[in-house]
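Written below as structure tokens is the structure these notes are about.
The values are calculated or read from the model by the stated rules, or taken from the named source; none is laboratory data. The structure displayed is predicted, hence computed values, not measured ones. Cβ placement follows ideal geometry from the backbone for every residue including glycine, while neighbour counts extend to all protein chains displayed.
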Amino acid sequence: MISRDQATKTALYELEQQREQNYADERRHVETVRAACPEITSLIDERTKLFSNGVSHAFGDPSNAMDISEKLVADMDRSNRLIRLALHKNGYPEDYLQPVFRCPLCHDTGYVGDLVHDFCPCVRQRVLKIMMSDEGLQDLETQNFSTFDETIFPDHPIPGKKHSQRDLMLLVRNRLEQYADSFEARSGKGIILSGASGLGKTFLMNCVAERVLTRGFSVLKISAYRLYDAVRKYQYDHSDAELVDDLIRADLLAIDDLGTEPLTRLSNEQSGLYYILNERINSNASMIITSNLNNMQTRERYGDRIGLRLYDGSRTSAFELYGEDVRRNVRK
Ligand SMILES: [Zn+2]
């Protein structure tokens, strides 16, 4: 798991590299023109002389500095216009000698705003990209609240159920959005989404993960199988130690498909999964979990100590999804 701080450092470092690249491009452009075109070379030299003369003139005559600088601006404009014309005439783009940058908002400084310096949107987007490219978070770009489409869920009544599948999904979606928008680290508040395969549990979990991540919290998403495997390796030879550390420390741990990991011959309390769940519950660290198991099945599989605490209504909102498998309805 990569923290927002680390991702921001990476993004700013990339921008620094970009600026160096920009300067190198600018120098190369000037050298290219100088080598090929004496006409433009002399125009550039004239402009340089014009500028340094104007500045020293203004410093030497402070009472007339205003007039001098106005004239300098006009002279520079004229000089720049001549250079652009000459560039065009010689087959170069008119802005060939202008400063090079990729982002028109921040000119690759990474910051916008005059008084209060704020990160440019290009940095924010890059930070999210970096965080999402991390383990398990690649899906979040396509699976989030703004891409949630309730129309793929059937809207007909279901015998014995209060809501159609579509209504239920909308209801759950809205509750989860509230959860994500008010998420706080170490609040202990969690979510369990249970139900059969193909009902959209993982998609909903991704929506929450994306929103919480966007709000600046650290999120680690992992399948129950991978979690089981990581802790087993860790217990065996201390490999995967970094991941196990993240599993405990992430603001939000999203566990996909609880119950699909292999059953262990160890007693529950010796199993790695128990260790992680227990650590997080004890430190009020939040989890969002998808599972094919319902409340009773969870208790049967993991024992009452974990089962009861996972489903403790004072900390966990549990949603049992029902209806038909919609995976074939998803538009590709
Ligand atoms: Zn920018």
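Details
- Tally of residues being farther than 30 Å from residue 44 by Cα and surrounded by 13 or more Cβ atoms within 10 Å (Cβ to Cβ) across segment 83-117: 2
- Sub-6 Å Cβ pairs linking a first residue in segment 222-242 that is more than 22 Å from residue 288 (Cβ to Cβ) to a second residue that is of a type in the set (S, T, N, Q), at least 6 apart or interchain, are 233/239, ordered by first then second residue.
- Residue match in segment 22-44 (condition: surrounded by fewer than 17 Cβ atoms within 10 Å (Cβ to Cβ), among the hydrophobic types (A, V, I, L, M, F, W, C) and under 30 Å from residue 127 (Cα atoms)): yes
- Look at segment 108-128: where a residue is assigned by TED's automatic domain parsing to the domain that holds residue 16 and within 11 Å of the ligand (Cβ to nearest atom) and a partner is in a loop (DSSP other than H, G, I, E, B) and charged (D, E, K, R), sitting 6+ places away or on another chain with Cβ atoms under 8 Å, you get 108/102.
- Counting the residues of segment 70-102 that are acidic (Asp, Glu) and in a helix (DSSP H, G or I) gives 3.
- Complete set of residues in segment 129-154 that are within 16 Å of the ligand (Cβ to nearest atom) and in contact (Cβ under 8 Å) with a residue 40 or more places away in the chain: 130
- Test: residue 300 is without any contact (Cβ under 8 Å) to a residue 12 or more places away in the chain and over 19 Å from residue 176 (Cβ atoms): yes
- Exactly one residue among 46, 94 is over 17 Å from residue 26 (Cα atoms) and either among the acidic types (Asp, Glu) or free of Cβ contacts under 8 Å to residues at least 24 places away in the same chain (or both), and that residue is 46.
- When residue 111 is tested against (1) touching a strand residue (DSSP E or B) at 6+ places or on another chain (Cβ under 8 Å); (2) closer than 30 Å to residue 308 by Cβ; (3) of a type in the set (Ser, Thr, Tyr), exactly one condition is not met: (2).
- Selection within segment 138-196 - within 14 Å of residue 324 (Cβ to Cβ) and in contact with a strand residue (DSSP E or B) (Cβ under 9 Å, 6 or more places away or on another chain): 168, 195
- Test for residue 323: is it at pLDDT below 90 and in contact with a helix residue (DSSP H, G or I) (Cβ under 7 Å, 6 or more places away or on another chain): no
- Residues of segment 227-266 that are among the aromatic types (Phe, Trp, Tyr) and buried (at least 19 other Cβ atoms within 10 Å of the Cβ): 228, 234.
- For segment 73-107, the set of residues classified as touching a His at 6+ places or on another chain (Cβ under 8 Å) and more than 16 Å from the ligand (Cβ to nearest atom) consists of 94, 96, 97, listed by residue number.
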